[in-house]
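Take a look at the structure set out below.
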Amino acid sequence: MQRIGVFICHCGTNIAATVNVEKVTEALRKEPCVVFADNYQYMCSENGQQLIKNKIKEYNLTGIVVCACSPRMHEGTFRKTAEAAGLNPYMVEIANIREQCSWIHKDIDEATEKAVILGRTAIAKLTLNTPLTAGETGVTKRALVIGGGIAGIQCALDIADAGYEVDIVEKRPTIGGRMSQLDKTFPTLDCSACILTPKMVDCAQSEKIKLFTYSEVEEVKGFVGNFKVKIKKKARYVDETKCTGCGVCMANCPSKKGLNAFNMNLNTRPAIYIPFAQAIPNVAVIDPEQCIKLKTGKCGLCQMKCGVGAIDYTQKDEYVDREYGAIVVATGFKPIDLTNFNEYGYADNKDVITSLELERLMNAAGPTKGVLLRPSDNEHPKVITFIQCVGSRDVSGCGKPYCSKICCMYTAKHAMLIREKYPDTEVHVFYIDVRTPGKNYDEFYRRAVEQYGVDYIKGMVGKVYNENGKLMVQGSNLLDNTQVVIPSDLVVLATAIEPDPSVRDIASKLTISIDTNNFLTEAHAKLKPVECATAGVFLAGVCQGPKDVPETVSQASAAASKVIGLLAKDKLKGNPCVAHSDEMMCTGCSQCARVCPYGAITYEDKTFGRGANATVRRVAVVNPAVCQGCGACTVTCPSGAMDLHGFSSSQILKEIDFICKK
Amino acid sequence: MENFDIEYIKEISRTDVRKCMKCGKCSGRCPAFNDMDIKPHQFVTLLGQGKFDVLLKSKAIFSCLSCMACVERCPRGVAPANVIEAVRDTVERMQNGNAIKAEDIPPIVDDLIPQQLLVSAYRKYRK
Amino acid sequence: MQIQELVLHKAEEYLASGKVDRVLAWKKGETFYDNSPAIFTKDNLNGFVYNEFCAPNLSKYLVNESKKEGKILVFLKPCDTYSFNQLVSEHRIDREKIVVIGLECQGMLDEKKIYNLGFKRIEKVEDGLDNIIITADGQQVQIKREELLSVKCVDCKSKEFAVADETIVVNEMKQPDKNSRFSVVSELEKMTEEERFKFWQNELSKCIRCNACRNVCPACTCTHCVFDNNKSGIAGKANSDSFEEKLYHIIRAYHVAGRCTDCGECSRVCPESIPLHLINRKFIKDINDNYGEFQAGKTVSEHNPLVDYTKGDCEPKEMVGK
Amino acid sequence: MKICYYPGCTLKNQAKRLDDCARLSAEALGVTMEEIPEWQCCGGVYPMAKDEIATKLSSVRALDYAKHHGGTLLTLCSACHNVIKRVNNDMATEKSIRDKVNNYMRLDERYEGETKVIHYLEMLKDIVGFDNIKKAVKNPVNKKIGAYYGCLLLRPSNVMAFDNPENPTILEDFISAIGGTPVKYPFRNECCGAYVSLTNKSLTEQKSKKILESAAAVGAELVLTACPLCYYNLKKNGGDNVVYFTELLAKALGVTE
Amino acid sequence: MQEITENKEFKPLIVAFCCNWCSYAGADLAGSSRLSYPANVKIIRVPCSCRVNPIFILKAFQRGADGVILCGCHPGDCHYSEGNYRTRRRMSLLFSMLNYLGIEKERTRVEWVSAAEGAKFSAVMNDFVKTITALGENKKLEDLRCKSKN
């Protein structure tokens, strides 16, 4: 017979205003096995917890029920409290009388009655609880970072710095990501390459970091501490170990018309190419769609010219199996497609460009060698108009409902840089709001206005059209209530950003949840911003939400510290709420193993009885370290041999009984 | 008798002006902007502010072309054209205030005028 | 030679050669119809029989038999072979120990249907393939075979052997019409909810909870059935009210769903003649209609529609009541 | 094949040419446009107010007739298309309007927006196919032609679902099909001034001229329209080169002079 | 119209099984957003929707539930990656069977509610209560012994 204590929380007035806690206490005190019941203002407070601890000892309680907020909130807290008082932490049940009672009901009688039922149900369940002990598993001391942009790079460097091995898987031929395409960075205006490339080199030189570029994650198995990942290394057709990055092949390639994705397709590159001068690894790659040799079998010029014999047209995709203790997702972003925004004339006018295209046009390694020339005729634009919020904050279905966060700052940066380099250029910016929360951010934006004389117009553009070679930007100026038309030479669209499309596939492979905008969902918006609901998986960068470089780097380091904390452990305590099979009832039919997503179930031939009565039967055995406790097997098992600790069939049936008891 | 007030306009306009984020794209796009005393974005704001009298005095309600450019381009799913029409309908219904009378028509009709124009104008300007 | 003799010869041959130690087959009972499963050895083949009254599916008996020492020869009719495969898939019988001989089956007969013809004293029933020759009350009559078929054979699912090391087939077996199998289920589906409820309430209220359906079912091979297990929350040996009848039959059907080969033994043995196979068949039909054709036991396989899934499966609301 | 057709009043009168050419061409392309009996004027403009019911009944009558006669209603005049399609959308999606209209009309069977409303251009594109038109052309147009969409076919795009509202291509594809060279100009989806031309001629003049200038700047020899009101406004304001798209189609197919 | 007045008196008992990761969190969000739904909806927390055994559902009806609803993560978003796909098959087949035996198809429901869909959770529960209220008491799957405890 259990000795149960019931603790009812007022949660200030959150519960007590709608639920008559005294009545609930009285009612629950009368329940079988209950030897103590009381209520308190804040059960989760230090004093509340002390009350629980005292009563556990005073009444020699075998289990406690806390009627309070959601178990998702404080189940862990009260388990620790119980443990501190010498109780098994799994002898705690929570009745959710806040989120699922006091907060949704107005009528006090109704809410009180429901609270009593929820309390009784928890007590009934607790009578069937048994003390549980968590199992332990080892930890593979290596991390995987998916995505080799600034987030992935920073994260990998931090993990490596702590002495752990880390692999970066990057789908493009080089690491560097979006940041490598940027010209300057706000709010300090340092050159992006100058601060990024040393980090890239550090990655390449670190003994702890292994780079898998031009590679993708093919398959993920396992669980926290013990992930097994299959990596697909796409065929480069160039032997990475031999290529010296001399560039002779590029110079000799006759197929030169491939669009240069690194330069946002503003110019072309050969079929065999190194994405940019500082690429890591500095190794060429052949675009099979464009290579004459691979398409027709004829050519082979690069192979002939290569001094080190690195070209290998027969190379095939390779698969590598690696094991990891933790995984960081840092898959980054891309600007949205502008098909839905042709009022800005992007499709029809070469001189309407996105901000990322402008970055390339201003970059010394870009198609114009850093001289700002407009794409249509390579002339210096004299009037440049920026349009902010292109596709951001748009709930019409054409764009994205969120604020892309980085556009205000980079637009100010662009405007400022242009005015600095080409003072004779007139720069206008159409804005809805200028959002600059961040250290030295507003000061930066104000400098653009005050020091560089950038013309900020509060209003939005309705149409951009070409008239006699000028781009006419027609928009509103809300402050003087006019409609303005600005004849411009170049129009720059601050295009909304969205998660890189590859993230969906990654999310499903790692079973992390993803929101309607394809951003990955963190475990808690405030308190677990870099963790995922899936243990051992962490997030960094724009895959989780729009961010600028400083924020991305902080998050990457935060994720790295979480990874290091995990890898530093030799053993991980598991969740004891796992499945277990009653071997006396198991028939060994093997259905359970087929539904187990973790491969936690195996079968053994076991001898039952002794001597002449001995029989050998095949029975299921659950590996508690691998089982994650979903319960799929319990329903598949026809003989009822499989059950789940913490959510046993008899417990759930008891809950049903008490909920339905009228 | 109907009760003509700000709520009436809100009701018949079939649009939620609270969704407006004051970006001004409607007015940036409007082809009749310069002929309007109250601009498209202001219609939305004024309705939100409940400025019934100001709205009723607007001349712009007769300049709106119902071209739907503002509706099409609103990033927040607000329909300024609906507000303008709702104000015009209210004005016409309240005062029986038809903007054009039958006798106004013959002098402005020419040989080519399509029936559609007369019907449309009648629909827009008379109740 | 008649099939009965061929079958007996085969049993004798295997036993004599020592290739098997035991033979699982049917033994003649007291009356003309009650042939029952039995184990035969080299020394004892008394009462060995194979005729139109050998309906019992022998597969299930192998669960216990194959645990014992030695090899076994088993005779399986086409439909029984599916149950055999299913049990092998579930590791319930040891294939290595068993020789399977597939037997011709033209459809087993239902003695109740013969009695229903109104005879007082039946002397002899002979198999004339298309017709059954009955000698009773001093006269001989011929009745079409279809009219006397056992409930499990009326909608035969297949005359193909899913597995057989050897077969004994004298006369050609006609492949059954595939579509007719689900016609009664379809009719029930077309009724209103109320009509269906009445139908099943009437049928299931006859249940006396004798557990015959469970005991005969080749898919019900649990060591301890949940209905006998006090911890399961649904233990119960008697139907105390209409809910328990339903609970028992729904859960039983659900537990065998995706594994039931539609052998029809449940309906055949039901002393109250409840058409239990119509419950199982509904699951089979839903599975076929929504997740692709599936016949349990067609092969030895890891797959089963209740352990498999596809990402594009329909939602419950798209299936229920359609 | 036969399709229920709603011509509208202007097409019986000032814009008879738009209608005549459309019918001749359709016939030549294997489509018979069956004018629905006793149709009534659509009203020319879609009434946006929530309580406008009576003004939508004529459209619903036509839609209900088509529902029982093939399920598709073909329109030609841009204004009729806009009104009928938007009313149909109300019937399908706005419960209060649907209920009121049905209560008023007392049809044997409630009308709930079942009919599919298609514009003549959509018929050419989706039923006949521009490729087949290309094959049927006898006299290729051989001119630089600017398509003028105006507002009514395109907006609001969530209801009209006609084409990309800011970058439509259907008329350009049509022009290519009849052998012309389409030229794109930025004002092809701007308003001509519409019904305001009755009361504010200067506004219409300004808008129409801008459109014509924009088309001329890219070298358009002809300007195509599907709307009699656009046609009128443009013609009035110097658009001597404005033609109905069906006129060119009929000519290209060789069914008119 | 008498029927409707009668139904107003009837407050159905709803048992909702919610998976811990999405739907239970969705219910919590409904709570923290103060989006109300009737008090006669009672939630049982399960780790995953695939933990719900058909026996639980039948037992709930036996004990007097008038409607049973199972909520899980959206297909593709299962915390255990595939549990809800299994739930979908199992419950489709079970509910189809119950309906085949004459049980009203409205009495059972599966809904996918994410942790972010507090509003959906509340709307679903309100709608389900409304549906069951209109449907009336569960008589076809009740156990009279359990009812007698009223």
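Since every read-out is calculated from the coordinates, none of them should be taken as a lab result. Computed from a predicted model, the values in this text were never measured in an experiment. Positions of Cβ are generated from backbone atoms using ideal geometry, with glycine treated the same way; all protein chains shown enter the neighbour counts.
For A:Asp505 and A:Val371 in one chain, what is 0.36 nm times their gap in residues minus the Cα-Cα distance, to one decimal in nm?
Separation in residues times 0.36 nm, less the Cα-Cα distance, equals 44.3 nm.
Show log10 I(q)/I(0) for the stretch E:11-139 at q = 0.12, 0.18 Å⁻¹, two decimals, from a solvent-free Debye sum over equal Cα scatterers.
-0.40, -0.92
Only Lys, Arg, Asp and Glu count, each charged at its Cβ (+1, +1, -1, -1), so figure out the dipole size of the protein assembly as shown about its Cα centre, rounded to 20 debye.
I would put it at about 1580 debye.
Which value in Å is the Kirkwood Rh of the stretch A:579-645 over different Cα pairs? Let's see the in-between values first.
On the way: mean 1/r = 0.0831 Å⁻¹.
With all distinct Cα pairs of the stretch A:579-645 included, I get 12.0 Å.
Taking the Cα centre of each part, how many Å lie between the stretch D:114-175 and the stretch B:18-44?
Cα centroid of the stretch D:114-175 versus Cα centroid of the stretch B:18-44: 30 Å apart.
How big is the protein assembly as shown on each of its three principal axes, counting only the C-alpha atoms and giving the largest first in Å?
Here the Cα extents, ordered largest to smallest, are 115, 84, 82 Å.
By the scheme Lys and Arg +1, Asp and Glu -1, what is the net charge of all other residues having a beta-carbon under 10 Å from that of A:Gly453?
With Lys, Arg at +1 and Asp, Glu at -1, the neighbours total -2.
In whole Å and largest first, what semi-axes does the C-alpha gyration tensor of the stretch A:27-153 yield when each eigenvalue is scaled by 5 and square-rooted? The partial results should precede the final answer.
Working: eigenvalues 228, 90, 38 Å².
In descending order, the three semi-axes are 34, 21, 14 Å.
Using alpha-carbon positions, what is the distance between the centroids of the stretch A:252-327 and the stretch A:161-234, in Å?
19 Å
Rounded to the nearest 5, what % of the DSSP beta bridges within the protein assembly as shown are antiparallel ones?
If I count the DSSP bridges inside the protein assembly as shown, around 45 percent turn out antiparallel.
Ordered by packing density, taken as the mean number of other Cβ atoms within 10 Å over each peptide's residues, highest first, how do A:15-22, D:155-162 rank?
Descending mean neighbour count gives A:15-22, D:155-162.
Of the cross-linked pairs C:Lys246/E:Lys105; A:Lys228/A:Lys569; C:Lys246/C:Lys311, which ones have a Cα-Cα span greater than 22 Å in the structure shown?
C:Lys246/C:Lys311
Give me P(r) over chain A, computed from all C-alpha to C-alpha distances, binned every 10 Å, as integer percentages.
For chain A, the pair-distance distribution reads 3, 13, 18, 19, 17, 13, 10, 5, 1, 0, 0.
Restricting the calculation to Cα positions, tell me the Rg (one decimal) and the Dmax (whole number) of chain D in Å.
Final numbers for Rg and Dmax: 18.0, 55 Å.
Using only the Cα atoms, work out Rg/Rh for the stretch C:1-89, with Rh taken as the Kirkwood radius, to two decimals.
Expressed as Rg/Rh, it is 0.95.
For chain C, what does the equivalent ellipsoid look like in terms of its semi-axes, each the square root of 5 times an eigenvalue of the Cα gyration tensor, given largest first in whole Å?
32, 25, 20
Rounded to whole Å and ordered largest first, report the semi-axes of the equivalent ellipsoid of the stretch D:107-204 derived from its Cα gyration tensor (root of 5λ).
26, 24, 12
Want the number for A:Asn267 to A:Glu207: 0.36 nm per residue separation, take away the alpha-carbon distance, what's left?
Stretched fully, the A:Asn267-A:Glu207 segment lengthens by 18.0 nm.
May I ask you to list, by number, the DSSP H helices of chain B whose Cα span along the axis is at least 20 Å and whose average Kyte-Doolittle hydropathy reaches -1.0 or more? Could the numbers behind the result be given before it?
On the way: long enough: B:80-95 (23 Å, -0.39).
Passing helices, by number: B:80-95.
Once the other residues with Cβ under 13 Å from the Cβ of A:Ala593 are scored (Lys, Arg +1; Asp, Glu -1), what is the net sum?
Neighbour charge sum, excluding A:Ala593 itself: -1.
May I ask for the Kirkwood hydrodynamic radius of the stretch D:136-253, worked out over all distinct Cα pairs and given in angstroms to one decimal?
14.2 Å
Structure shown: which of A:Lys439/A:Lys463; C:Lys28/C:Lys77; A:Lys53/E:Lys120 lie over 28 Å apart, alpha-carbon to alpha-carbon?
On the way: A:Lys439/A:Lys463 35 Å; C:Lys28/C:Lys77 17 Å; A:Lys53/E:Lys120 39 Å.
Going by Cα-Cα distance, A:Lys439/A:Lys463; A:Lys53/E:Lys120 fall outside the 28 Å limit.
Tell me, what is the FRET efficiency for B:Arg18 and A:Ser45 to the nearest 0.05, using R0 = 30 angstrom and their Cβ-Cβ distance as r?
0.15
Would you mind ranking C:Asp127, C:Asp165, C:Asp80 by Cβ crowding within 10 Å, fewest neighbours first?
C:Asp165, C:Asp127, C:Asp80
Helix A:46-58 sits at what angle to the longest principal axis of chain A, using alpha carbons and giving 0 to 90 degrees rounded to 10?
The answer is roughly 30 degrees.
For the stretch D:191-248 and the stretch E:29-77, what is the separation of their C-alpha centers, rounded to whole Å?
Cα centroid of the stretch D:191-248 versus Cα centroid of the stretch E:29-77: 62 Å apart.
Whole number please: convex hull volume per residue, Cα atoms of the stretch C:86-232, in Å³.
Given the Cα convex hull of the stretch C:86-232, per-residue volume reads 201 Å³.
Quick one: compute the contact order of chain D, relative version, from alpha carbon pairs under 8 angstrom and 6+ residues apart, as a percent.
21 percent
With the cut-off at 20 Å, tell me which of the pairs C:Lys10/C:Lys71; C:Lys159/C:Lys190; A:Lys171/A:Lys210; C:Lys27/C:Lys298; A:Lys80/C:Lys231 have Cα atoms farther apart than that.
On the way: C:Lys10/C:Lys71 15 Å; C:Lys159/C:Lys190 29 Å; A:Lys171/A:Lys210 14 Å; C:Lys27/C:Lys298 28 Å; A:Lys80/C:Lys231 31 Å.
Over 20 Å Cα-Cα: C:Lys159/C:Lys190; C:Lys27/C:Lys298; A:Lys80/C:Lys231.
For a quick check: with amide H placed at 1.01 Å from N, whose amide H comes under 5 Å from A:Arg142's, ignoring anything fewer than 5 positions away on the same chain?
A:Gly325, A:Ala326
Using the Kirkwood radius over Cα pairs, work out the Stokes-Einstein diffusion coefficient for the stretch A:568-618 at 20 °C and 1.002 mPa s, in µm²/s as a whole number.
Value of D from the Cα-based Kirkwood radius: 158 µm²/s.
Considering every pair of different Cα atoms, what Kirkwood radius, in Å, is found for the stretch A:226-315?
13.6 Å
Would you order E:Trp112, D:Trp39 from fewest to most other beta-carbon atoms within 10 Å of each residue's own beta-carbon?
Taking fewest neighbouring Cβ atoms as first place, the list is D:Trp39, E:Trp112.
Taking 8 Å as the Cα distance limit and 6 or more residues as the minimum spacing, I'd like the relative contact order of chain A as a percentage.
13 percent.
What percent of all Cα-Cα pairs in the stretch D:185-257 falls in each 5 Å bin, counting up from 0?
Final binned percentages: 3, 18, 26, 24, 14, 9, 4, 1, 0.
Could you tell me how many degrees, from 0 to 90 and to the nearest 10, lie between the Cα long axis of helix C:78-89 and the main elongation axis, the longest principal axis, of the Cα atoms of chain C?
On a 0 to 90 degree scale, this one is about 60.
What are the extents of the Cα atoms of the stretch C:182-322 along their three principal axes, listed from largest to smallest and rounded to whole Å?
Here the spans come out as 41, 38, 28 Å, largest first.
Relative to the longest principal axis of the C-alpha atoms of chain C, give the angle of the C-alpha long axis of helix C:242-256, reported between 0 and 90° and rounded to the nearest 10°.
On a 0 to 90 degree scale, this one is about 70.
At 1.306 mPa s and 10 °C, plugging the Kirkwood radius over alpha-carbon pairs of the stretch B:1-103 into Stokes-Einstein gives what diffusion coefficient in µm²/s? Kindly include the intermediate steps, with their values, before the conclusion.
On the way: Rh = 13.6 Å.
So the translational diffusion coefficient is about 116 µm²/s.
So for C:Lys178, D:Lys134, A:Lys526, A:Lys400, fewest C-beta neighbours within 10 Å to most, what's the order?
Working: C:Lys178 11, D:Lys134 14, A:Lys526 6, A:Lys400 19.
Result, fewest neighbours first: A:Lys526, C:Lys178, D:Lys134, A:Lys400.
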